[in-house]
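J.: Got a structure for you, questions after.
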Amino acid sequence: MRSLSIVNIILGLWLIFAGFTMGRGAPSIMAEEILLGIIIAGSSFAALRTGNSGLNWLAALAGLWTLLAPAVINYTAVPRARNNDITLGVIVFIFGVVNALYRGAPVRTQL
């Protein structure tokens, strides 16, 4: 589904932007958000161009890490970044899995 990949690209770009704005003052959070944003946007863009479902799985894993990162890295000092990461993580993970399963399924045709 092209639209899910496009949404994941936009969310990845948003995560890069959020790293500079919401992660200010916390270098580990800033670096994590920028890196995951690059991974999500890049893998979704590559999956959109090539149709490779493995790249959608990479975006889904990055979304899962984005979801779990607030608990692992301890985002108590930056609650807006925590809420942003949890929300984006859920959306990117679901869209990545759906996109990977949809693209990985063979198309049946009748002769």
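J.: Take the alpha carbon atoms of segment 46-111, find their center, do the same for segment 1-44, and report the distance between the two centers in whole angstrom.
T.: Cα centroid of segment 46-111 versus Cα centroid of segment 1-44: 11 Å apart.
J.: Pairing the Cα long axis of helix 53-73 with the longest principal axis of the chain, what angle in degrees results, from 0 to 90 and rounded to the nearest 10?
T.: Helix 53-73 sits at roughly 20 degrees to that axis.
J.: Could you give the length gained on full extension between residue 7 and residue 28, defined as 0.36 nm per residue of separation minus the Cα-Cα distance, in nm?
T.: 5.0 nm
J.: Further question on the same structure: Kirkwood Rh, Cα Rg: Rg to Rh for the chain?
T.: Across the chain, the Cα-based Rg/Rh ratio is 1.07.
J.: In nm, what is the difference between 0.36 nm times the number of residues separating residue 38 and residue 74 and their Cα-Cα distance?
T.: Gain on extension, residue 38 to residue 74, equals 10.8 nm.
J.: Quick one: length gained pulling residue 108 to residue 50 fully straight, 0.36 nm per residue minus the C-alpha distance?
T.: So the extension gain works out to 18.8 nm.
Computed from the coordinates by the stated procedures, all read-outs in this text should not be read as laboratory data. Remember, predicted model here, so these are calculated numbers, not experimental data.
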